[in-house]
Each structure stands twice: as structure tokens, then as C-alpha cells.
Amino acid sequence: MPAWWGEMWATWLKRAKSGKRWLKKGKSGVKWGIKRANLGKGALKMFLGTHEPRLDDKGRLILPAKFREELAAGLVITKGQERCLYVFPSNEFSVITETLKQAPVTAKSARDYSRVMFAGAHDEIPDRQGRVTIPQSLRTYAGLEKECVVIGANTRVEIWDATSWNEYLADREKSFADVSEEVFPGLF
């Protein structure tokens, strides 16, 4: 992984919108985390849970009711890793854009990542029923047909083909349960 990516990730974690940063020394050592002291206007809520909506014949997907308020002002859908789609609130996508601007234009991996992410991005405002249209190019990338899975993934939503999600989850749950080392030092 390029060094600039770690710096971007650190900047992203430290952004003011995430709430108060805190350090707490416990019996097992230093714990670091992000505490949301104020969930008032402008604070980003976490996206949590698994939902199973269907795509309609026009390529529209109904967003889970619990995600709609956070996404009502606008969202960006783009290609994600493992052939899923990422859905960001517009304000969160702006933070990512600013972070990616910090990557050196001379870094080939940064150029490649930005090109794929931004070329495939689609911005939209959900309709009154919470529906968003997923462009054909993004449906093709993620293999979306009728049956979909929408998961909350902290600051983003992911849209998966149901079969792909079930295969991914079956493959990863055992390794998740068996983790015996810190994934994020000081956090887990």
C-alpha cells in the first residue's frame, strides 16, 4: 500500500465531522476511538444493518428507510471494491474528494484509483419514495439484477448482488471470527 494512502486514511479519521477524538487508558493499555458527542445538524450518522431491496425494471432501488434521512440531500454512487457499489452522502463524498486531492498526481496508483472512482460516479437525489436510479454501467459492474443486498458500512452504504454478498460473507465470516491480532492497533 502506498505511503500516501496511510496519510489520507489518517486525515480522514481525524476530520472534525466525526466528533470528538478521545484517548482512554484502560487496564489493557491505551484505547483510541471516535465519540460522537453531538449528533446535531451536520454530524454524520453511521450506516448499520443489512437490507434486501429489489431493483425494479427501470433500475431503481428503494433505499432502506433508516438510511433515507441521511441521504435525502443527495448522494453519490460509485464503484467499490469486491464488485459492490459504494453510496456516500454528498457531503461525505466531498470529504473523500478533498482527501484524494492530497494524493500526489505523480503517484500512478492514486491516478488509477481516482480515475475509476470518479469516472464511474453518479450523483442523485432520492425521490419521495426513497428510490434511486442505478445507471446501467454501475449495475453491470456490480452484477446487479433483481435481488440486492444493501449494507451499512459505517460512513457509506454498499449495494451488492445478493448472491455475491452471500458468497463474500460466507468466505469472510470465519476469518472474522478467528481474528487473533489487532486489525486496527489500539482499537480492536
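Bear in mind these aren't lab numbers, they're just calculated from the coordinates by the rules spelled out. Because the structure is predicted, anything quoted here is derived from the model rather than measured. For neighbour counting, all protein chains shown are included, and Cβ atoms are generated from backbone atoms with ideal geometry for every residue, glycine included.
Looking at region 122-152 only, could you name the residues that are under 18 Å from ALA72 (Cα atoms), of a type in the set (A, V, I, L, M, F, W, C) and either touching a strand residue (DSSP E or B) at 6+ places or on another chain (Cβ under 7 Å) or crowded, with 17+ Cβ neighbours inside 10 Å (or both)?
Across region 122-152, the qualifying residues are VAL132, ILE134, VAL150, ILE151.
Report every pair of residues separated by at least 6 positions or lying on different chains whose Cβ atoms are under 7 Å apart, first residue within region 107-121 and surrounded by 13 or more Cβ atoms within 10 Å (Cβ to Cβ), second among the β-branched types (Val, Ile, Thr) and part of a helix (DSSP H, G or I).
Final answer for the pair search is none.
Identify, from the list LEU169, LEU144, the residue that is in a helix (DSSP H, G or I) and either touching a residue at least 24 places away in the same chain (Cβ under 8 Å) or of a type in the set (A, V, I, L, M) (or both).
Checking each option against the conditions leaves just LEU169.
In region 147-166, which residues are touching a residue at least 40 places away in the same chain (Cβ under 8 Å) and not in a strand (DSSP E or B)?
THR155, ALA162, SER164, TRP165
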